[in-house]
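S.K.: Just passing along the structure, written as structure tokens.
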Amino acid sequence: MKDKMKIAVIASGRGSNFRALAEATLDEGYPAEIALLISDNPEAGALEYARDNGIESALIDCGPKRGSMSLESSEEMHRLCVEREVGLVCLAGFMRIVKGKLLVEYAGRMLNIHPALLPSFKGLHGQKQALDYGVTWSGCTVHFVDAGIDTGPIIIQKVVPVLGDDDEDTLSERILAEEHTAYPEAVRLYAAGRLKIEGRRVLISDE
Ligand code: GAR
């Protein structure tokens with residue numbers, strides 16, 4: 001059997017997407033395994049899940065600037081990933097813009113999940129932005145990470161209706177359920193070598 005691709009997940013909070021990825025890797029036929037969980041937040045649920053489930057984790061101070069990371073922390077993350085032969089980095093609720101060495105060296109090998117149908121409602125609180133705008137459909141997007149904010153080529157989108165009585169919490173919950181299938185599916189496609197970026201488009205080849 002081919003070696004599984006090693007992935008690193010970077011998460012700042014609750015960690016439900018990290019958990020969905022970790023659970024997917026339990027399937028013997030899944031082509032990726034989690035080598036490392038990285039967080040910038042000592043309180044992150046993701047860290048607790050990693051510790052409880054025997055997944056190696058690292059807490060990295062990304063600096064005081066909200067939404068941004070220090071170049072040193074980027075270098076440190078890159079070093080940890082290279083040491084573990086990580087082939088794919090997955091941002092899963094990492095609430096800072098990735099820059100520096102990690103971004104450059106993992107170009108084309110880094111994914112993110114966003115809780116809206118890109119290119120609409122980029123940045124923070126995608127669900128609330130969608131509600132406030134009045135759209136009747138929203139969803140989630142898994143995409144490659146580039147130097148912009150939520151601008152990289154799109155791999156998978158899942159759509160959910162926005163209901164008349166939705167608030168941010170109910171809409172977020174409906175979207176999150178789709179995130180938990182979209183992300184493991186995108187990682188599976190990547191790890192199986194089935195994704196090819198052509199300009200802005202991501203082509204998915206047959207099995
Ligand atoms: C998810 O909804 C994810 O799409 C979002 O943060 C949440 C993390 O939840 N990411 C962003 O908004 C990135 N801009 P989780 O910690 O339970 O996976």
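S.K.: Is it fair to say D169 is exposed (fewer than 14 other Cβ atoms within 10 Å of the Cβ), away from the ligand (no atom under 14 Å from the Cβ) and outside any loop (DSSP other than H, G, I, E, B)? Break it down stepwise before answering.
M.R.: Numbers: exposed (fewer than 14 other Cβ atoms within 10 Å of the Cβ): yes; away from the ligand (no atom under 14 Å from the Cβ): no; outside any loop (DSSP other than H, G, I, E, B): yes.
Here the answer is no, as D169 does not meet what is asked.
S.K.: Do any helices (runs of 4 or more DSSP H) entirely within the range 13-132 hold 2 or more residues that are within 10 Å of the ligand (Cβ to nearest atom) and in contact (Cβ under 8 Å) with a residue 40 or more places away in the chain, and if so, which? Step through it out loud before you land on a result.
M.R.: Numbers: elements: 16-24, 45-52, 71-83, 100-105.
Hits in the range 13-132: 16-24.
S.K.: Considering each residue of the range 23-60, count those that are out of contact with any helix residue (DSSP H, G or I) (no Cβ under 7 Å at 6 or more places or on another chain), crowded, with 19+ Cβ neighbours inside 10 Å and under 19 Å from V187 (Cβ atoms), and give that number.
M.R.: Qualifying residue count, the range 23-60: 3.
S.K.: If you check G100, G93, G87, G63, which single one turns out to be farther than 20 Å from P115 by Cα, crowded, with 18+ Cβ neighbours inside 10 Å and in contact with a helix residue (DSSP H, G or I) (Cβ under 8 Å, 6 or more places away or on another chain)? Give the steps one after another, and end with the answer.
M.R.: On the way: G100 fails: crowded, with 18+ Cβ neighbours inside 10 Å; G93 fails: farther than 20 Å from P115 by Cα; G63 fails: crowded, with 18+ Cβ neighbours inside 10 Å.
Answer to the check: G87.
S.K.: Then there's this: Give the residues of the range 133-149 that are closer than 14 Å to S120 by Cβ and either at pLDDT below 95 or surrounded by 19 or more Cβ atoms within 10 Å (Cβ to Cβ) (or both), sorted by residue number. It would help to see each step written out before you state the result.
M.R.: First pass over the range 133-149, keeping only residues closer than 14 Å to S120 by Cβ: 133-141, 143, 149.
Those that are closer than 14 Å to S120 by Cβ and either at pLDDT below 95 or surrounded by 19 or more Cβ atoms within 10 Å (Cβ to Cβ) (or both): S138, G139, C140, T141, H143.
S.K.: I'd like to check something: does the range 176-190 contain any residue that is of a type in the set (G, A, S) and in a loop (DSSP other than H, G, I, E, B)? Can you show your working first?
M.R.: Initially, the range 176-190 is screened for residues of a type in the set (G, A, S), giving 177, 182, 186.
Adding the requirement that they be in a loop (DSSP other than H, G, I, E, B) leaves none.
No, the range 176-190 contains no residue that is of a type in the set (G, A, S) and in a loop (DSSP other than H, G, I, E, B).
S.K.: Here's another thing I want to ask about it. Kindly provide the set of residues from the range 134-169 that are closer than 26 Å to G67 by Cβ and among the hydroxyl-bearing types (S, T, Y), ordered by number.
M.R.: S138, T141, T151
S.K.: Next question, about the same structure. Is it the case that I155 is under 14 Å from the mean Cα position of the chain (by Cα), farther than 22 Å from K6 by Cβ and of a type in the set (A, V, I, L, M)?
M.R.: Numbers: under 14 Å from the mean Cα position of the chain (by Cα): yes; farther than 22 Å from K6 by Cβ: no; of a type in the set (A, V, I, L, M): yes.
When the stated conditions are applied, I155 does not pass them.
S.K.: Across the range 153-207, which residue is farthest from A8 (Cα to Cα) among those that are of a type in the set (S, T, Y) and without any contact (Cβ under 8 Å) to a residue 60 or more places away in the chain?
M.R.: First, pick out the residues of the range 153-207 that are of a type in the set (S, T, Y): 170, 172, 181, 183, 190, 205.
From what is left, the residues that are without any contact (Cβ under 8 Å) to a residue 60 or more places away in the chain are 170, 172, 205.
Working: T170: 30, S172: 25, S205: 24 Å.
Only one residue fits best here, namely T170.
The values are calculated or read from the model by the stated rules, or taken from the named source; none is laboratory data. What you see is a predicted model; the values in this text were computed from it and never measured. Heads up, the Cβs are rebuilt from the backbone with ideal geometry, glycines too, and the neighbour counts pull from every protein chain shown.
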